[in-house]
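Peer 1: Quick one: this structure, given as structure tokens, is what I'll be asking you about.
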């Protein structure tokens, strides 16, 4: 009898040599890496956020925000990106769609891709401004950067989760991450409202922005690293509950911190700073 093409059975793989590595190593090594990063200099929440941002962002002062006389760890565009990603993830948690494995409808996907394209255009236009005498489509400001970054972040959240769900969960949900135009409009309005608050550069925003600058990158790197860990251990599509994801996610965060450290060192060597 031929196998059912539409079977919902999880993907299974033969054991690999990676699966023979003691689980203790997958607990101890990532925990040690995270502990070393936290305890190593520089100390302090803001300083750690700046270190993470140093690997991922240009951190140009004129393209960043200042809170309580401290430059934000990420530039305006990157701040918007992670703000949008976290807003999208919170929306999915509230709507109980963290297991959603279906993309939005085609019309909504086209708009989300449009969000990504808009940020790309604004990013190129902003980069051109660095070149003396180069023609620009328009003068890019931090308002453009945070708004287009937020739209990009929302799009990434809505398009990335189905891929993640299909790779992780034993029984991914048949829900779409985004079901209709109303939901998209609500997310955009909330995103713009948050952007408006950030643009005030009020002193009290220092710690919220610092936390976003840490959680956003580590969460994305952590989930991508978790998929890698599950894949090499032949555990794709076997996770039933969130607690089972704690170990792979911890390993993913550790991998992300290793990557960030290497990028910090590379940038310091290349730029001499």
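Peer 1: Are any of the residues in segment 32-53 farther than 26 Å from residue 127 by Cα, touching a strand residue (DSSP E or B) at 6+ places or on another chain (Cβ under 8 Å) and either in a helix (DSSP H, G or I) or modelled with pLDDT under 95 (or both)?
Peer 2: yes
Peer 1: Moving on. Quick one: what pairs do we get from segment 64-79, first residue at positive phi and in contact (Cβ under 8 Å) with a residue 24 or more places away in the chain, second surrounded by fewer than 21 Cβ atoms within 10 Å (Cβ to Cβ) and not in a loop (DSSP other than H, G, I, E, B), C-beta under 8 Å, 6+ apart or different chains?
Peer 2: 68/203; 68/206
Peer 1: Quick one: residue 106 ticks every box in (1) out of contact with any helix residue (DSSP H, G or I) (no Cβ under 6 Å at 6 or more places or on another chain); (2) free of Cβ contacts under 8 Å to residues at least 40 places away in the same chain; (3) within 16 Å of residue 147 (Cα to Cα) bar one, so which box is it?
Peer 2: It fails just one condition, (3).
Peer 1: For residue 76, work out the one condition from (1) under 19 Å from residue 159 (Cα atoms); (2) in contact with a helix residue (DSSP H, G or I) (Cβ under 7 Å, 6 or more places away or on another chain); (3) modelled with pLDDT of 95 or more it doesn't fulfil.
Peer 2: All conditions are met except number (1).
Peer 1: Tell me which of these residue 202 doesn't satisfy, since it passes every other one: (1) at pLDDT 95 or above; (2) farther than 22 Å from residue 116 by Cα; (3) surrounded by fewer than 16 Cβ atoms within 10 Å (Cβ to Cβ); (4) in contact with a helix residue (DSSP H, G or I) (Cβ under 9 Å, 6 or more places away or on another chain).
Peer 2: (4)
Peer 1: What tally of residues in segment 223-238 results from selecting those that are surrounded by fewer than 20 Cβ atoms within 10 Å (Cβ to Cβ) and part of a helix (DSSP H, G or I)?
Peer 2: 5
Peer 1: In this structure, does residue 120 turn out to be farther than 28 Å from residue 228 by Cβ and surrounded by fewer than 16 Cβ atoms within 10 Å (Cβ to Cβ)?
Peer 2: no
Peer 1: Between 247, 220, 178, which is over 30 Å from residue 148 (Cβ atoms) and not in a strand (DSSP E or B)?
Peer 2: Only one candidate passes the filter, namely 247.
Peer 1: Report every pair of residues separated by at least 6 positions or lying on different chains whose Cβ atoms are under 9 Å apart, first residue within segment 234-258 and in contact (Cβ under 8 Å) with a residue 24 or more places away in the chain and at positive phi, second surrounded by fewer than 18 Cβ atoms within 10 Å (Cβ to Cβ) and outside any loop (DSSP other than H, G, I, E, B).
Peer 2: The qualifying pairs are 234/18; 234/19; 237/166.
The values are calculated or read from the model by the stated rules, or taken from the named source; none is laboratory data. Nothing here was measured: the structure is a model prediction, and the numbers come from that model. Here the Cβ is made from the backbone with ideal geometry for all residues, glycine too, and neighbour counts use every protein chain on show.
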